[in-house]
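This report concerns only the one structure given below.
The values are calculated or read from the model by the stated rules, or taken from the named source; none is laboratory data. Computed from a predicted model, the values in this text were never measured in an experiment. So basically every Cβ, Gly included, is an ideal-geometry build from the backbone, and we count neighbours across all protein chains shown. Areas reflect the complete protein model, heavy atoms only, side chains present, ligands, DNA and RNA absent. Shrake-Rupley method; radii C 1.70, N 1.55, O 1.52, S 1.80 Å.
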Amino acid sequence: MKILIVEDENITRKTLSDLLRKEGHSTETAAEGEAGIRLLQQDAGFDVVITDLRLPRRDGMQVLKAAKSANPDCEVIVITAYASVETAVQALKQGAYDYVTKPLTPEKFLILIRNIDGFRKVRSENEQLKKRLDEIENKPMIGSSPVMRKLAETMRNVAVHDYTVLIQGESGTGKEVTAKTLHRFSRRSSGPFVAVNCAAIPETLLESELFGHEEGAFSGAAGRHTGYFERANGGTLFIDDIDDFPLHLQVKLLRILQERQFYRVGGTESIALDVRIIGATKVDLQQMVKEKKFREDLYYRLHIIPLRLPPLRERKEDIPELAQHFFEKRGAELLLRELPEAFFDQLCDYNWPGNVRQLENLIERIIATGDTGIAARLTAPETDTAGGIALNQPPHKKAAESYPSYETYMNEREKEILSWALEQTGHNISRAAALLDLPRGTLRSKLERHKN
Ligand SMILES: Nc1ncnc2c1ncn2[C@@H]1O[C@H](COP(=O)(O)OP(=O)(O)OP(=O)(O)O)[C@@H](O)[C@H]1O
Ligand SMILES: [Mg+2]
């Protein structure tokens, strides 16, 4: 580091300077305040300033001020006699790093200087990390397959308009990132992005959670409560698993979409709402309409702009690009360069039932374990890709005619996976959801379904 020492006692100044040079730092010195300040004004490159508090011509407090104004990241250590510790505390308040009391010993300084050195390294690493995160966050969605390019084009058109959007796609295909991207590219980007998953909220609370309530609206409604819709005012409300939106509340949602206003539960005053609604679903909503489980009028309102996210197996050309992105996102460029040649082909040979999320989890696992061979084992029978669950295991070697239907088979597998996760986590839903990397609400609704 580059260190400036401002000290009027010749011996102290010289000893300190020698000490720090021996430690590998470069030093400059000044014997009085004025000279120190001049050096600081000429050169903003000092990392540390050590200054005595009592100095001829301008005191240590003024040196501190000059150091901070030349370079806010410069750390200042003040030297003080016992009698003036109060001034030293004053200096800390003005941004000094620490103070050292006389008599001085080399240890006192070395510890401080080493701490500052370590602190600066962490700070610069943090800054680099933050910059990289910003770059990644701002990267539009990855994927240059024809479908994804088409989707990106539609998104660009859709984002600037206020249309309601319905995103359809299997689990892990990127519905939520799509919604966030739409928000970021819209005129609402400085407003809030609020996500709600109806399946995650107990049905009895849902109405007041969504629409808010007035004080005394029902027993237990202590004060006024602001619901999700109101919190998203001026921005975007992302309704995940919108197929779970209870039938009796669908009318209210329809009204909001049509009239852009609503009432809190127990309220008489209508509240104007400027919210863009983006819904997401994994199921075929049209089929639900046919089965009278979803209102047809609401379906058409939501369906104004449908966006379909294709499963990863239908756009395998995106796999290498996505995988590379996930390595880079975690700063694992080195490992990326050392991957076996067949690595990406092996990834492409696999079917990815859990889509992009499963791919991301796999890359995370490869980074954590350094085991790049996982990709080769993906398509091998008896593969273990989910920490104990054989996701790619074919039905046991039975005669073809004795296979259960696809639906039954998948249901059974799902049940096994869910009970495994519950067992692992002592039946804690949140932890089981985290283990399976599923939203908690999705897990709840799956468990609900398997109960019957
Ligand atoms: N095109 C993409 N580019 C970069 N990352 C993506 C892309 N698509 C998905 N991901 C990543 O994959 C993971 C899953 O995406 P997301 O949560 O949006 O999926 P989803 O469709 O909402 O899943 P679910 O239905 O299970 O809620 C996220 O970590 C997301 O960042
Ligand atoms: Mg989601």
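Can you give me the solvent accessible area of T372 with a 1.4 Å probe, rounded to the nearest 10 Å²?
Its heavy atoms expose roughly 30 Å² to the probe.
Measure nothing but the geometry: give the 0 to 90° angle between the long axis through the Cα atoms of 355-369 and the longest principal axis through the Cα atoms of the chain, rounded to 10°.
40 degrees
Got a number for the accessible area of H248? Probe 1.4 Å, square angstrom, nearest 10.
120 Å²
Suppose accessible area is computed on protein heavy atoms with a 1.4 Å probe; arrange L435, L92, L309 from highest to lowest. Spell out each step's value before the answer.
Working: L435 85, L92 65, L309 0 Å².
Putting L435, L92, L309 in descending order of accessible area: L435, L92, L309.
Work out how much length R431 to K451 would gain on full extension: take 0.36 nm times their residue separation and subtract the Cα-Cα distance, in nm to one decimal.
On the way: separation 20, 0.36 × 20 = 7.20 nm, distance 1.97 nm.
Answer, rounded to one decimal: 5.2 nm.
First measure r as the distance between the Cβ atoms of R440 and Q250, then evaluate 1/(1 + (r/R0)^6) with R0 = 30 Å and state the FRET efficiency to the nearest 0.05.
Working: r = 23 Å, r/R0 = 0.76.
Approximately 0.85, to the nearest 0.05.
Rounded to a whole number, what % of the accessible area of the chain do carbon and sulfur atoms account for, probe 1.4 Å?
Working: 12070 of 23880 Å².
Carbon and sulfur together cover 51 percent of it.
Using a 1.4 angstrom probe with every protein chain in place, what is the largest-first accessible-area order of S445, S419? Present the calculation step by step, with values, prior to reporting the outcome.
Values: S445 40, S419 60 Å².
Putting S445, S419 in descending order of accessible area: S419, S445.
Taking a 1.4 Å probe, which of E125, E214 shows the most accessible area, and what order do the others take after it? Could the numbers behind the result be given before it?
Working: E125 115, E214 35 Å².
Highest to lowest solvent-accessible surface, that is E125, E214.
So how exposed is S69, as accessible area in Å² (1.4 Å probe, rounded to 10)?
Around 100 Å² of this residue is reachable by solvent.
Using only the alpha-carbon atoms, how far is helix 175-184 inclined from the longest principal axis of the chain? Give it as 0 to 90 degrees, nearest 10.
60 degrees
Counting only helical runs of four or more DSSP H residues, what would the 222 nm mean residue ellipticity of the chain come to if each run contributes -39,500 (n - 2.57) and the total is spread over all its residues? Mind dumping the intermediate values first?
Values: 20 runs with 221 residues, N = 452.
-15000 deg cm²/dmol, from helical runs alone.
So how far, in whole Å, is the C-alpha centre of segment 9-52 from the one of segment 283-342?
59 Å
Out of the DSSP beta bridges found with both residues in the chain, what percent are antiparallel (nearest 5)?
Details: 3 of 40 bridges.
Roughly 10 percent of the beta bridges in the chain run antiparallel, per DSSP.
To the nearest 10 degrees, how steep is helix 406-424 against the longest Cα principal axis of the chain, on a 0 to 90 scale?
The helix 406-424 is inclined about 40 degrees to the chain.
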